[in-house]
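The values are calculated or read from the model by the stated rules, or taken from the named source; none is laboratory data. None of the values given here were measured: they were computed from a predicted structure. When we count neighbours, we look across all protein chains shown, and the Cβ atoms used for this are built from the backbone with ideal geometry, even at glycine. All accessible areas refer to the heavy atoms of the entire protein, side chains included, with ligands and DNA or RNA removed. Shrake-Rupley method; radii C 1.70, N 1.55, O 1.52, S 1.80 Å.
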Amino acid sequence: MTSILMAEDEERISTFVEKGLRAAGFDCTIATDGATALALGQSGQFQLMILDIGLPVLNGFEVLRRLRRTDASLPVIMLTARHSIDDTVAGLDDGANDYLTKPFRLDELLARIRLRLRESGASEGSELRHGSLRLDLRTRKGQVGDTVVELSAREFALAEEFLKHPGQVLTHEQLLSRVWGYDFDPTSNVVEVYVRYLRTKLGPDVIETIRGTGYRLR
């Protein structure tokens, strides 16, 4: 299993991302200060690091600079509330592979993780299957039997959640959190709308509604 290190001292965000990563098939370890993040990043145990800038002990820029002195290969995605161009340029110049600002969507973070892992030669697996359904995680295409199905990015992310948890009831809140992100409006009906889209493309009986609870892949 692909192991990801997340350096983040805000528990709300680290808990949210950790749940999303584990649901997506990754192993995740949290470091809450820069010194711990640097030591773990240099241990060789991880295939990617998600790095906040505003960490105690050592800030993210210093962690990255020290890490790059000994390891030029570990992919690093900076995930921070700092939006300025100067901070983005500084992070990339110090050796970050990517820079994502908060608030963010979980599916975008996962897409960036998959991209950086592919570039580094690591991957969590290239395909998901359930019955006649197949999702290719590299091409981001779906397939029903022998028919290729074009899915939007959000449709693909939702279908991916269902195929990773076949037979499991996924609540409205779980799907919102994993596919749309922690800052998405919990009262939105967007899950229902996109389930309807998937039923149109993958088959009307593929996703079952569990009244009062959520949805389940048959």
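For the reader, a short list of remarks on this structure follows.
- Hits in region 58-75 (condition: over 25 Å from residue 106 (Cβ atoms), part of a loop (DSSP other than H, G, I, E, B) and either at pLDDT below 90 or open to solvent by 40 Å² or more (accessible area, probe 1.4 Å) (or both)): 71, 72, 73
- Pairs meeting the criteria (first residue in region 161-173 and of a type in the set (S, T, N, Q), second residue loosely packed, with under 13 Cβ neighbours inside 10 Å, beta carbons under 7 Å, at least 6 apart or on different chains) are 171/213.
- Hey, residue 34 under 25 Å from residue 176 (Cβ atoms) and among the small types (Gly, Ala, Ser) or not: no
- Residue match in region 95-107 (condition: open to solvent by 10 Å² or more (accessible area, probe 1.4 Å), part of a helix (DSSP H, G or I) and under 23 Å from residue 156 (Cβ atoms)): yes
- Residue list for region 134-160, filter: of a type in the set (Asp, Glu) and modelled with pLDDT of 85 or more: 146, 150, 155, 160
- Condition check for residue 46: under 19 Å from the mean Cα position of the chain (by Cα) and under 23 Å from residue 115 (Cα atoms): yes
- Test: residue in region 76-85 that is outside any helix (DSSP H, G or I) and touching a residue at least 60 places away in the same chain (Cβ under 8 Å): yes
- Verdict on residue 36 being over 30 Å from residue 175 (Cα atoms), surrounded by 19 or more Cβ atoms within 10 Å (Cβ to Cβ) and of a type in the set (S, T, N, Q): yes
- Residue ID - modelled with the highest pLDDT, chosen from residues in region 121-133 that are in a strand (DSSP E or B) and either among the basic types (Lys, Arg) or within 26 Å of residue 48 (Cα to Cα) (or both): 129
- For region 134-163, a residue qualifies if it is out of contact with any Gly (no Cβ under 9 Å at 6 or more places or on another chain), surrounded by 14 or more Cβ atoms within 10 Å (Cβ to Cβ) and assigned to a strand (DSSP E or B), and the qualifying residues are 141, 142, 143.
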